[in-house]
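Notes follow the structure.
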Amino acid sequence: MLLGWRCGFRNDEDLAIALECASAAGARALGLSGAESGRGLSPGDCADFFTLRVETPAEAVVSHPVRELVVKGGRVVARNGALASR
């Protein structure tokens, strides 16, 4: 969201670029496993991800949606914005 705001991104295409920069492009820049494919997670990749209920990439950037599911190292660590019980 801050990248889009600072760079003056106003349309859906620009906001999708901001999301890409904060997600897959960041992973590629760090050389993280599977990131170079751009296809998401593959068997053997580090399972660090979260899910959002949005209809467009732009909505994910500007609406601050609750992360429905957060997975770190293959373990669910949060659901619906709250820490998961151990």
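The values are calculated or read from the model by the stated rules, or taken from the named source; none is laboratory data. If you're wondering where the values come from, they're calculated on a predicted model, not measured in any experiment. Note that each Cβ is placed from the backbone with ideal geometry, even for glycine, and that neighbours are counted across all protein chains shown.
Within segment 6-19, can you find the residues that are hydrophobic (A, V, I, L, M, F, W, C) and over 20 Å from Glu55 (Cα atoms)? Answer for segment 6-19, where residues must be hydrophobic (A, V, I, L, M, F, W, C) and over 20 Å from Glu55 (Cα atoms): just Cys7. If you go through segment 3-13 and keep only what is touching a helix residue (DSSP H, G or I) at 6+ places or on another chain (Cβ under 7 Å) and either at pLDDT 90 or above or aliphatic (A, V, I, L, M) (or both), you end up with Leu3, Phe9, Asp12. Of the residues making up segment 25-67, those that are hydrophobic (A, V, I, L, M, F, W, C), more than 23 Å from Ala82 (Cβ to Cβ) and either at pLDDT below 80 or not in a helix (DSSP H, G or I) (or both) are Ala27, Leu30, Leu32, Ala35, Leu41, Cys46.
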